[in-house]
1. Considering only region 1-55, how many residues are farther than 16 Å from Arg80 by Cα, at pLDDT 85 or above and of a type in the set (Asp, Glu)?
2. What residue, among those in region 121-162 that are of a type in the set (A, V, I, L, M) and more than 27 Å from the chain's Cα centre (by Cα), is nearest to Asp182 (Cα to Cα)?
3. Please enumerate the residues belonging to region 165-181 that are over 30 Å from the mean Cα position of the chain (by Cα) and charged (D, E, K, R).
4. Does Lys162 satisfy being modelled with pLDDT of 90 or more, at negative phi, surrounded by fewer than 16 Cβ atoms within 10 Å (Cβ to Cβ) and in contact with a strand residue (DSSP E or B) (Cβ under 9 Å, 6 or more places away or on another chain)?
5. Within region 89-125, restricting attention to residues that are at pLDDT 85 or above and loosely packed, with under 14 Cβ neighbours inside 10 Å, which residue is farthest from Ser167 (Cα to Cα)?
6. With the checklist (1) at pLDDT below 90; (2) under 28 Å from Leu97 (Cα atoms); (3) small (Gly, Ala, Ser) in hand, flag the one item Ser175 doesn't pass.
7. Residue check: is Glu143 part of a helix (DSSP H, G or I) and under 25 Å from Gln9 (Cα atoms)?
8. Report whether or not Pro177 is of a type outside the set (A, V, I, L, M, F, W, C), in the same structural domain as Tyr61 (by TED's automatic domain parsing) and under 30 Å from Ser66 (Cβ atoms).
Amino acid sequence: MEGSPKLDQDWRLRAAFDVPNGVTDVFERLRSRERFLGSEVGGLLPFGVVLSRRDDALFVYASSRSGIDGARLAIERVARAIGLSAELRVGRWDEGLREWRQIDPPLTGREHELDDARAREASRQETRELSCLVGRLDRPLVEGPLLDFAQRRGLDCTVEEKRRLFSVRLTFSVSGPAYKVDEFADQVRYVVKSNQNWSSPGL
């Protein structure tokens with residue numbers, strides 16, 4: 001689960017450990033209840049979080065910071081119980097950047113500067129024109145959904161048409177944050193590609 005989060009699970013905790021089998025050891029104890037050294041260390045994760053792992057790290061996804069903080073306490077407790085040292089990083093999904101941004105510990109120095117620069121670029125206001133050629137009878141099936149998509153994403157969007165004998169060229173002028181404009185462009189391509197009876201878009 002390294003891409004965009006599912007539903008509202010837009011908080012993520014990444015945990016790495018100081019021994020090769022640390023990820024497996026902690027994962028197994030977190031997902032099942034068991035007694036270790038006289039105390040219960042499994043089944044401690046808050047309700048609703050999602051646990052996953054890779055070879056080099058353990059990941060927990062949650063819908064809130066409180067859920068992630070609860071998972072952090074559970075991982076720290078398990079790690080201490082079995083004598084491991086854990087490196088923990090909390091991130092939150094950034095829709096503009098389409099990636100996880102580290103929140104805790106805060107980025108510093110050059111990493112902080114680069115992160116801020118990427119965030120500013122993603123939210124930069126942009127106006128773009130996108131054009132596609134559709135059959136005249138198919139126009140409502142293209143124009144309506146795309147205008148609805150723009151409205152849901154908070155974009156300013158207008159459309160102009162140039163009619164031909166059997167087709168219409170629709171040109172959308174869309175303005176908003178650069179990342180949302182990119183999403184609209186992706187949606188235009190998806191709508192046209194999904195309906196092969198329409199002509200290719202002139203994007």
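The values are calculated or read from the model by the stated rules, or taken from the named source; none is laboratory data. Source: prediction; values computed, not measured. Note: ideal-geometry Cβ built from the backbone for every residue, glycine included; neighbour counts use all protein chains shown.
1. 1
2. The selected residue is Val159.
3. Arg169
4. Yes.
5. Pro105
6. Only one criterion in (1) at pLDDT below 90; (2) under 28 Å from Leu97 (Cα atoms); (3) small (Gly, Ala, Ser) is unmet by Ser175, namely (1).
7. Here the answer is no, as Glu143 does not meet what is asked.
8. So Pro177 fails the test.
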